[in-house]
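First comes the structure, then the notes that go with it.
The values are calculated or read from the model by the stated rules, or taken from the named source; none is laboratory data. Being a predicted model, the structure only gives us computed values, none of them experimental. All Cβ positions, glycine included, derive from the backbone under ideal geometry; neighbour counts span all protein chains shown. With ligands, DNA and RNA removed, areas are computed over all heavy atoms of the protein, side chains included. Shrake-Rupley method; radii C 1.70, N 1.55, O 1.52, S 1.80 Å.
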Amino acid sequence: MSKVALITGVTGQDGSFLSEFLLEKGYEVHGIIRRSSVDYRERIAHLEGRPHFHLHYADLGDSMSIVKVVSVVRPDEIYNLAAQSHVQVSFDSPEFTADVDAVGVLRVLEAVRASGLENTCRIYQASTSELYGKVEEVPQNENTPFHPYSPYAVAKLYGFWIVKEYREAYHMFCCSGILFNHESERRGETFVTRKITLAAARISQGLQDCLYLGNMDSLRDWGYAKDYVECMWIILQQDKPEDFVIATGVQHSVREFTELAFKHAGIELKFEGEGINEKGIVVKGPENLIGKTVVAVSEDFYRPTDVVNLWGDPTKAKAKLGWNPNKTTFEELVKLMVEHDIANVAAEGAAAKVRTNLAEYLEKGIVK
Ligand code: NAP
Ligand code: F7E
């Protein structure tokens, strides 16, 4: 009998990679989706219609819908990845973020109990390095004190503690993966890495003039999402439920990411100025870009409180899970994202050109 997994957040970056990974392992995979006015689910479109992949409408803000899905699917494993996951957006929608990212976790745990699955169903909670927030030590490990520094992080802290509470109170097999930033060619376009790789691709093809960023000094421990979803599964295959830090153990700034991404797109940058006046100027690359400012700072992307020094210590995961933190290096990650976006942007550009030509032909009466 194949194992049954339920993934909340199946349409997201991690949900899509995890679905592929579990299907490959022979799982029956169920995911929850929300009704949206746009029906195309880009990241999982290639999986829809496959025999072992099933979708159900539910929402983490709606307890009954979660109870219904859990009691019908009766999963062996639940991966609770659903969240309002954008830190800056959490300052604009703090209540929604708390409802989904904090109480939503409780709803999943209670749905498991209500369905009588508390002794059999294993639960993975998508926790985050944002819990360390205004960091109290570097690098951060499982014993580092938490200091959440955004509405997102405060909500996720509740999720972390309620999982721990249910583990101790009801002996449920539920664990938190404290994952540091993980990126990919499927990363949402408003997270800094993807925003940069898309801009580098567009600027190199003459489709964008300038990339506006916020705090370029911010430091992150960036890994590849495809590697990280494997850890989620390994965490649930352990003999006893435990929490783990998953990170690469290597730290880079937003500026370094930008420099490298543009380099892969054939553009060498020199940074001048400081803070709001900092600029990235082209010193090598396409003739028409030399001397031009293609990176600048905008206050719009500063946060009321920003987490600026995340650096994970994956020692426990290496020892107990066999995690290889260097499977995909920072350099490989940036390269694969830029290469993907260059190809993507070129295809979009070609499609846009066809549309422009078509508009011109229609106007001239060449096609009717
Ligand atoms: P993502 O791409 O933003 O995906 C979030 C998913 O949650 C989407 O499928 C979204 O559905 C779903 N969702 C949001 N609100 C929901 C609701 N009320 N009910 C049901 N589903 C809802 O995020 P990700 O990068 O894959 O991250 C996955 C999880 O890991 C999140 O919990 C995130 O907070 C956490 N995390 C991420 C990182 C990282 O670096 N990526 C690091 C640490 C922790 P729609 O498509 O309908 O919006
Ligand atoms: O910001 C700075 C920004 O939005 C990274 C989520 O997956 O990882 C993610 O949260 C840093 C911050 O990710 C821009 O101020 C500068 O210091 O890519 P981000 P995040 O906030 O680290 C954690 C682990 C999660 O759990 C979250 O779900 O980059 N930054 N300029 C910028 N950030 C953005 N978004 N846009 C800028 O223009």
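Observations on the structure shown:
- Highest-first arrangement of 314-323, 62-71, where packing means the average Cβ count within 10 Å: 62-71, 314-323
- Environment charge of F91, counting only residues whose C-beta is closer than 12 Å and scoring Lys/Arg +1, Asp/Glu -1: -2
- In a reduced charge model with +1 at each Lys and Arg Cβ and -1 at each Asp and Glu Cβ, region 186-304 shows a dipole moment near 380 debye about its Cα centre.
- Compactness ratio for region 64-105: Cα radius of gyration over 2.2 N^0.38 Å (N = residue count) comes to 1.40.
- Estimated [θ] at 222 nm from DSSP helical runs (n ≥ 4, -39500 (n - 2.57)) normalised by residues in the chain, nearest 500: -12500 deg cm²/dmol
- Between V103 and F191, the simple spin-label model (points 7 angstrom out along Cα→Cβ) gives 2.7 nm.
- Among L81, L23, L211, residue whose mean-square fluctuation peaks in a GNM of the chain (springs only between Cα atoms under 10 Å): L23
- Sparse packing (at most 15 other Cβ atoms within 10 Å of the Cβ) combined with a DSSP loop state is found for the following chymotrypsin sites (Phe, Trp or Tyr not before Pro) in region 33-127: Y40.
- Rounded to whole Å, the principal axis extents of the Cα atoms in the chain read 65, 59, 37, largest first.
- Local charge for S2 was computed over the other residues whose Cβ lies under 14 Å away, with Lys and Arg +1 and Asp and Glu -1, and equals 0.
- FRET efficiency estimate (nearest 0.05) - Cβ-Cβ, A347 to H52, R0 41 angstrom: 0.85
- The residues packed around V245, meaning those with a beta-carbon under 9 Å from its beta-carbon, carry a net charge of -2 if Lys and Arg are +1 and Asp and Glu are -1.
- Each DSSP beta bridge with both residues in the chain is either parallel or antiparallel, and the antiparallel ones are about 25%.
- Across the options L289, G275, A265, the greatest Cα extent toward the positive end of the charge dipole of region 224-292 (unit charges at beta carbon of Lys, Arg, Asp, Glu) belongs to L289.
- Computed with a 1.4 Å probe over protein heavy atoms only, the accessible surface of region 101-176 comes to 38 Å² per residue.
- Choice from H46, H264, H56 showing the highest fluctuation, given a GNM over the chain with Cα pairs closer than 10 Å: H46
- Summarising the overall dimensions of region 1-65 from its C-alpha atoms, the Rg and Dmax are 11.6, 37 angstrom.
- Choice from L47, L310, L106 showing the highest fluctuation, given a GNM over the chain with Cα pairs closer than 10 Å: L47
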